[in-house]
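The values are calculated or read from the model by the stated rules, or taken from the named source; none is laboratory data. This structure is a prediction, so every number in the text was calculated from the model and none was measured. Every residue, glycine as well, gets a Cβ built from its backbone with ideal geometry; the counts of neighbours run over all protein chains shown.
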Amino acid sequence: MEAFELSPTVIKAVGIGRIGGIGARILSELGSNGQDCTWFDAGGGDFNHSEFDVRSSLSGAHWLLVEASSFGGAQSLSSAAGAAMVFAELEGAKTVVIVDDWVEMEPERAWGAIVERIRQVGAICMTSEGRAWIAGLEGVAKRDVGGLLRSRGLVSVVAILDVEAGRAEVHHSLGVENGDCDCGSFQSLVERMLLGLPSSSYSREGIRKSAGI
């Protein structure tokens with residue numbers, strides 16, 4: 001397997017959610033490796049929109065990261081994540097929804113809010129457990145989740161990692177990529193895709209390399 005090389009261009013990514021979630025960990029890791037990353041902690045009940053200029057931070061950004069659980073948590077967190085998605089669309093940043101496993105949320109409300117905003121989503125990343133969660137809420141077979149999200153919302157990339165088997169499945173506009181993945185963890189998969197996709201031209205080869213397949 002060819003070693004993964006960082007994109008020669010530094011990516012700019014903004015995240016909003018709660019401290020301790022996977023989104024914050026991803027941006028912390030990328031930031032420590034020289035990427036331009038900004039995180040907004042909206043997990044506290046005292047989050048004040050007026051004190052955080054999310055839109056300015058998104059200017060020139062490649063990505064906005066939000067966690068699925070944000071939409072099923074406190075109303076202030078859900079509203080902050082939804083507003084950030086609007087700003088991302090206005091500023092030309094692609095929104096990445098990470099299907100995480102935070103238990104302190106209302107799953108039906110979280111997924112319903114994402115479905116309402118699905119056409120604002122550029123990519124969705126999940127584990128096989130996340131796929132099962134969505135399949136249960138949608139009433140479809142697990143194997144149909146990737147295609148459903150691609151066809152329903154025209155989501156550019158739907159990435160699914162089976163952590164135990166070490167295999168990735170990526171649905172995109174040109175088809176589906178499957179194969180053994182050298183990422184090692186879900187967090188690593190998301191980080192690699194954030195780094196690789198901007199320079200990939202979203203070609204089959206570029207997507208496979210970005211996903212470590």
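Taking region 56-71 as the region of interest, how many residues are of a type outside the set (D, E) and under 14 Å from A42 (Cβ atoms)?
So the count comes out to 7.
Does at least one position in region 92-103 carry a residue that is modelled with pLDDT under 95 and over 17 Å from the mean Cα position of the chain (by Cα)?
Yes, some residue in region 92-103 is modelled with pLDDT under 95 and over 17 Å from the mean Cα position of the chain (by Cα).
Read through the list (1) surrounded by 15 or more Cβ atoms within 10 Å (Cβ to Cβ); (2) at pLDDT 95 or above, then give the number of the only condition that S200 fails.
Among (1) surrounded by 15 or more Cβ atoms within 10 Å (Cβ to Cβ); (2) at pLDDT 95 or above, S200 violates only (2).
Quick check on region 118-137. Is at least one of its residues more than 25 Å from A24 (Cβ to Cβ) and β-branched (V, I, T)?
The answer is no; no qualifying residue exists.
Given the conditions (1) more than 20 Å from C37 (Cα to Cα); (2) in contact (Cβ under 8 Å) with a residue 24 or more places away in the chain; (3) of a type in the set (S, T, N, Q), which single one is not true for Q75?
Of (1) more than 20 Å from C37 (Cα to Cα); (2) in contact (Cβ under 8 Å) with a residue 24 or more places away in the chain; (3) of a type in the set (S, T, N, Q), only one is false for Q75: (2).
Go through region 10-42 and give me each residue that's outside any helix (DSSP H, G or I), farther than 19 Å from D101 by Cβ and not hydrophobic (A, V, I, L, M, F, W, C).
Of everything in region 10-42, those that are outside any helix (DSSP H, G or I), farther than 19 Å from D101 by Cβ and not hydrophobic (A, V, I, L, M, F, W, C) turn out to be K12, N33, G34, Q35, D36, T38, D41.
Do we find that V121 is touching a Ser or Thr at 6+ places or on another chain (Cβ under 6 Å) and closer than 20 Å to A81 by Cβ in this structure?
yes
Among the residues that make up region 66-81, is at least one of them at pLDDT 95 or above, over 14 Å from the mean Cα position of the chain (by Cα) and of a type in the set (D, E)?
The answer is no, given that none of the residues of region 66-81 is at pLDDT 95 or above, over 14 Å from the mean Cα position of the chain (by Cα) and of a type in the set (D, E).
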